[in-house]
Amino acid sequence: MKRTLFFFFSLFLLALTGMHCAGQVPEVHARWIRLEMDSIRVEYALPNAEAVRPAVIVLGDRYGMQENLRATLKVLATLGYRAYALPLLSAPEQPFDQLPEVAIDTADVPRVTQVAVEIMNEKDCDGKVMLLAFDVGANIAIEVIARFPFYKGAVLFYPTGGAPVLRRLLDAQCPLLLNVAQFDPDCSLADVNSLRELCMEQGKKLHVYYYKEAKRFFFDPQHPDYHKGNTKTAWNQINKFFRFP
């Protein structure tokens, strides 16, 4: 039953985003990647077309590895990307009927980057690795792109922590798109505008997209604050930002 629900949930997301594929919907698989100290189980979906393509690593929200992340991998693969998701130490799986507290585990930063290096060196990857990250995952992504220069882009949805966390984006070493929900006090428009001013002063570019009537977690169909229209818009922004030639 769970696999059947997962299948229809994935089809729903594909239909929602207006994406049509001539072949079969990409499947989600899993593999283990060796790290310096241990190993990590990574889930992934690959495009049906046999071609060298860029990769997108998905870092989920504080609810952990749930069905929505697997469906996101399928949509990315349908768009032509090699899509990967890995469990974060900062985000163990949690039920959606509560709001877990945020507890960032800094060990996630080197773990994500070790996985990225492994992926970018695979023969069917063109060497380009990008990040798509949500909530706590966005916080990890911010630290990752501030430390390491080889990421080619990052799309971030509602990082947590307000202005102090957002200011870390001044050290980002790749293009980025920050997605902001109207009703999100932890990543407010005021905080983002303050960051914009700092970016202008330092001659840095900051791409921001603002979602009206949206709350934090609006992108997650399993969450009570999910917003269908804004999710469709967000997918258009993701594809536009990541689009490869």
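The values are calculated or read from the model by the stated rules, or taken from the named source; none is laboratory data. What you see is a predicted model; the values in this text were computed from it and never measured. All Cβ positions, glycine included, derive from the backbone under ideal geometry; neighbour counts span all protein chains shown.
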Residue 51 fails exactly one of the following numbered conditions: (1) at pLDDT below 90; (2) closer than 20 Å to residue 221 by Cα; (3) of a type in the set (A, V, I, L, M). What is the number of that condition? (2)
Mind telling me which of the residues 91, 154, 103 ends up being out of contact with any Gly (no Cβ under 8 Å at 6 or more places or on another chain) and surrounded by 19 or more Cβ atoms within 10 Å (Cβ to Cβ)? 154
Picking from 63, 44, the residue that is crowded, with 18+ Cβ neighbours inside 10 Å, closer than 23 Å to residue 235 by Cα, among the aromatic types (Phe, Trp, Tyr) and at pLDDT 95 or above would be 44
Is it fair to say residue 137 is surrounded by 15 or more Cβ atoms within 10 Å (Cβ to Cβ), at pLDDT 95 or above and not hydroxyl-bearing (Ser, Thr, Tyr)? yes
Take the residues in the range 207-218 that are closer than 25 Å to residue 170 by Cα and of a type outside the set (Lys, Arg), then tell me which one is surrounded by the most Cβ atoms within 10 Å (Cβ to Cβ). 217
Hey, which of the helices (runs of 4 or more DSSP H) in the range 126-245, taking only ones fully inside, have at least 3 residues that are farther than 22 Å from residue 104 by Cβ? 189-202, 228-242
Before we move on, is residue 84 of a type outside the set (A, V, I, L, M), surrounded by 20 or more Cβ atoms within 10 Å (Cβ to Cβ), modelled with pLDDT of 90 or more and not in a loop (DSSP other than H, G, I, E, B)? yes
Of all residues being of a type in the set (Asp, Glu) and under 22 Å from residue 166 (Cα atoms) in the range 109-149, which is nearest to the chain's Cα centre (by Cα)? Just the residue, please. 135
Looking for something out of contact with any helix residue (DSSP H, G or I) (no Cβ under 9 Å at 6 or more places or on another chain), aliphatic (A, V, I, L, M) and loosely packed, with under 15 Cβ neighbours inside 10 Å - is there at least one such residue anywhere in the range 182-189? yes
Checked pairs for the range 185-206, first farther than 13 Å from residue 172 by Cα, second at pLDDT below 90 and part of a loop (DSSP other than H, G, I, E, B), C-beta under 7 Å and 6 or more apart or across chains, list as 196/206
